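Trainee: Here it is, the structure, as structure tokens.
The values are calculated or read from the model by the stated rules, or taken from the named source; none is laboratory data. No experiment lies behind these values; they were computed from the predicted model shown. Note that each Cβ is placed from the backbone with ideal geometry, even for glycine, and that neighbours are counted across all protein chains shown. The accessibility values were calculated without ligands, DNA or RNA, using every heavy atom of the protein model including side chains. Shrake-Rupley method; radii C 1.70, N 1.55, O 1.52, S 1.80 Å.
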Amino acid sequence: MNAPINLTTTLVERERIAISWLGGLPIAAIDRQESAAMMLRVAKLARGSGRQPAFITSANGQVVSECARDASLRALMLSADLIHADGMPLVFASKMKGRVPLPERVATTDLFHDVAKLAEGTDARFYLLGADPEGIETAVANIRKAYPALNIVGYRHGFFAADEENAVVDEINAAAPDILWVGRGVPLEIAFSVRQRDRLRGVGLIKTAGGLFDYISGKNSRAPDWMQATGLEWLYRLWLEPRRLFVRYALTNPHAAYLLLSGSGPNPLPLVR
């Protein structure tokens with residue numbers, strides 16, 4: 001029998017995960033393999049409990065910058081149970097000025113495969129929400145090819161209107177996934193997860209996923225490994241989409257670097273529960 005969860009403690013306290021405050025956000029000092037195992041464990045423990053699902057999201061330099069400018073977005077981020085470092089600049093900054101060092105970058109595009117490998121052949125259930133209709137179909141086909149024993153209990157594209165949202169939530173609850181992957185981009189995916197978290201009682205854990213399904217479908221490509229390791233993945237994306245990303249990166253990258261390297265940013269606050 002699964003042990004009951006102590007609801008008076010937070011996820012990071014129960015899992016004994018250290019936190020590094022970076023740019024005003026509490027970033028979890030945890031690696032990918034530990035994250036994958038923890039996610040499956042927490043999700044399965046929640047089965048049939050009727051509790052609000054755990055909510056895990058990610059931050060990179062852009063998110064750090066936007067949270068410092070937008071208090072409402074920061075409040076949404078602080079409502080998460082755990083925030084991964086999806087950017088090497090956060091890892092580099094954590095090793096400065098006596099902060100809690102982050103062991104590695106936990107990019108969702110890598111973490112998904114870590115979790116899928118552990119889940120394959122078990123009874124763990126996934127639901128995939130995001131991308132456009134063609135993109136999610138291709139992504140699911142590629143996932144099933146790579147992990148034929150993975151239990152995908154449902155999927156849906158992420159382009160739906162506000163008046164369709166309740167029906168989408170009902171569909172997800174009916175599928176009762178252990179992990180719901182939400183890939184709608186920031187801030188849409190975070191706002192959706194927080195807004196609907198209390199209704200998603202059939203879900204064990206929610207993980208925001210950004211552009212995960214576009215990468216799995218082949219629509220988008222990853223930067224070379226050396227660019228990812230040195231924190232230059234943004235430069236690769238800029239090279240691919242200069243018109244869309246130039247202004248964004250020109251505004252957020254210097255600001256994020258200042259916040260991370262100077263230790264500035266909004267004052268650390270307790271996680272919102």
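Trainee: To check my understanding: the extent here is largest minus smallest coordinate of the Cα atoms along each principal axis. What are those three numbers for the range 127-273, in Å, largest first?
Mentor: That gives 46, 39, 29 Å along the principal axes, largest extent first.
Trainee: Right, here's the next one. Just the number: Rg to Rh for the range 1-101, Cα atoms, Kirkwood Rh, two decimals.
Mentor: On the way: Rg = 14.5 Å, Rh = 14.6 Å.
For the range 1-101, the value is 0.99.
Trainee: Multiplying the sequence separation of ALA176 and THR230 by 0.36 nm and subtracting their Cα-Cα distance, what value in nm do you get?
Mentor: Details: separation 54, 0.36 × 54 = 19.44 nm, distance 3.92 nm.
Full extension from ALA176 to THR230 adds 15.5 nm.
Trainee: Using only the Cα atoms of the range 74-122, build the gyration tensor, take square roots of its eigenvalues as a ≥ b ≥ c, and label the shape rounded, prolate or oblate: rounded if a/c is under 1.5, else prolate if a/b is larger than b/c, else oblate.
Mentor: In terms of gyration-tensor shape, oblate.
Trainee: Go ahead and collect, in residue order, the members of the range 201-233 whose backbone nitrogen is under 20 Å from a label point 7 Å along the Cα-Cβ direction of ASP132.
Mentor: 209-222
Trainee: Quick one: 3J(HN,Hα) in Hz for the range 48-58, Karplus 6.51/-1.76/1.60 with θ = phi - 60°, rounded, Gly and Pro as x.
Mentor: Coupling constants for the range 48-58: x, 7, x, 7, 4, x, 5, 10, 10, 9, 9 Hz.
Trainee: Using a 7 Å offset from the Cα along the Cα-to-Cβ direction at both GLU164 and ALA37, what is the distance between the two label points in nm, to one decimal?
Mentor: 4.0 nm
Trainee: May I ask you to compute the full-extension gain from ASP123 to ASN151, defined as 0.36 nm times their residue separation minus their alpha-carbon distance, rounded to one decimal in nm?
Mentor: 9.4 nm
Trainee: Share of antiparallel DSSP beta bridges in the chain, in percent to the nearest 5?
Mentor: Around 20 percent of the beta bridges assigned by DSSP in the chain are antiparallel ones.
Trainee: How large is ³J(HN,Hα) for each residue in the range 128-140, as worked out from phi by the Karplus curve 6.51 cos²θ - 1.76 cosθ + 1.60 (θ = phi - 60°), to whole Hz, x for Gly and Pro?
Mentor: 10, 10, x, 6, 8, x, 5, x, 5, 4, 5, 4, 5
Trainee: Of [x] 1.00; [y] 0.94; [z] 0.98, which is the value of Rg/Rh (Cα atoms, Kirkwood Rh) derived from the coordinates here?
Mentor: [y]
Trainee: Follow-up question, since we're still on this one. Assign one of three labels to the range 48-130, namely rounded, prolate or oblate, based on the Cα gyration tensor with a ≥ b ≥ c the square roots of its eigenvalues; rounded applies when a/c is under 1.5, prolate when it is not and a/b is larger than b/c, and oblate otherwise.
Mentor: oblate
Trainee: Sum up the charges of everything whose Cβ sits under 12 Å from the Cβ of LEU45, counting Lys and Arg as +1 and Asp and Glu as -1, but leave LEU45 out.
Mentor: +3
Trainee: Now, a different point. Residues of the range 1-138: accessible area per residue at 1.4 Å, in Å²?
Mentor: Per residue, the range 1-138 has an accessible area of 41 Å².
Trainee: Continuing with the same structure: In deg cm²/dmol, rounded to 500, what helix-only [θ] at 222 nm does the chain give when every DSSP H run of at least 4 residues adds -39500 (n - 2.57) and the total is split over its residues?
Mentor: -13500 deg cm²/dmol
Trainee: Something else now. From the Cα gyration tensor of the range 42-92, with a ≥ b ≥ c the square roots of its eigenvalues, which class applies: rounded if a/c is under 1.5, or else prolate if a/b is larger than b/c, or else oblate?
Mentor: oblate
Trainee: Around VAL186, with a cut-off of 15 angstrom between Cβ atoms, what is the net charge of the other residues, counting Lys and Arg +1 and Asp and Glu -1?
Mentor: In short, +3.
Trainee: How much length, in nm to one decimal, is gained on full extension between GLU241 and ARG47, taken as 0.36 nm per residue of separation minus their Cα-Cα distance?
Mentor: 65.7 nm
Trainee: Cross-link candidates for LYS219: which lysines have Cα within less than 26 Å, leaving aside residues fewer than 8 places away along the same chain?
Mentor: Within the straight-line cut-off, LYS219 pairs with LYS117, LYS145, LYS207.
Trainee: While we're here: Across the range 160-175, in residue order, what do the Karplus-derived ³J(HN,Hα) couplings come to in whole Hz, using 6.51 cos²θ - 1.76 cosθ + 1.60 with θ = phi - 60° and x for Gly and Pro?
Mentor: Couplings: 9, 7, 4, 6, 9, 4, 4, 5, 4, 4, 4, 5, 5, 4, 5, 6 Hz.
Trainee: Let me check I've understood the local charge: for ALA174, count other residues with C-beta under 14 angstrom from its C-beta, Lys and Arg +1, Asp and Glu -1. What total comes out?
Mentor: +2
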